[in-house]
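Below is one structure, written out as structure tokens; the observations come after it.
The values are calculated or read from the model by the stated rules, or taken from the named source; none is laboratory data. Keep in mind it's a predicted model, so treat the numbers as computed, not measured. Neighbour counts are summed over all protein chains in view; Cβ atoms, including those assigned to glycine, are modelled from backbone coordinates with ideal geometry.
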Amino acid sequence: MENASKALIIAGAILLAILIISLGILIYNQASSVVNENTMDSVEVSQFNTQFTQYEGTKSGSTVRSLAQAVLSSNVSQDDDDRKVSLTVVDGGSNYQIVTTSTDQIDNLEKISTGGTYDIECAYSTTGANSGLVTSITATKK
């Protein structure tokens, strides 16, 4: 009788240990999925891209300057360097980086002719966790 009660206590302790270990693994898996989730869902990708795609097409130089401000504002608010956008202006064969992803500042803004007309095109990421996001924008002077 004494052996049977000890066996039941040991069995209960083993079951309790298995329960605690399983609970720990469950919590770890849930926490790691939250930490590793750098991807954006389709709604977030659409919202991110909309702030830039609204400028696509043939636009004036003043619109390109507004686009530069929007890109800078977006880059400053991004923690992930892969989600930063660069803006390049092509003017007669010369390429000017207006907003770069590394410095988060506006350079060469004065080289955008406010009276000029520009074709604006967005380029999208095709690989990785940020697939589908706008990564660079090119404004080509007509």
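Within the option set 88, 114, being surrounded by 14 or more Cβ atoms within 10 Å (Cβ to Cβ) and either assigned by TED's automatic domain parsing to the domain that holds residue 47 or farther than 15 Å from residue 54 by Cβ (or both) holds for one residue only, 88. Can you pull out every residue in the range 93-142 that is over 16 Å from residue 66 (Cβ atoms) and out of contact with any strand residue (DSSP E or B) (no Cβ under 7 Å at 6 or more places or on another chain)? Scanning the range 93-142 gives 93, 94, 102, 103, 104, 105, 126, 127, 128, 129, 130, 131.
Taking the stated definitions as given, is residue 60 within 30 Å of residue 140 (Cβ to Cβ) and touching a strand residue (DSSP E or B) at 6+ places or on another chain (Cβ under 7 Å)? Criteria met by residue 60. What are the residues in the range 13-40 that are at pLDDT below 90 and farther than 23 Å from residue 137 by Cβ, if any? If the condition is that a residue be at pLDDT below 90 and farther than 23 Å from residue 137 by Cβ, then 28, 29, 30, 31, 32, 33, 34, 35, 36, 37 are the ones that fit.
Would you please name the residue that is surrounded by the fewest Cβ atoms within 10 Å (Cβ to Cβ), looking only at residues in the range 53-85 that are among the polar types (S, T, N, Q) and in a loop (DSSP other than H, G, I, E, B)? Across the range 53-85, the extreme among qualifying residues is 54. Selection of the range 86-112 for residues being at pLDDT 80 or above and in a loop (DSSP other than H, G, I, E, B) yields only 112.
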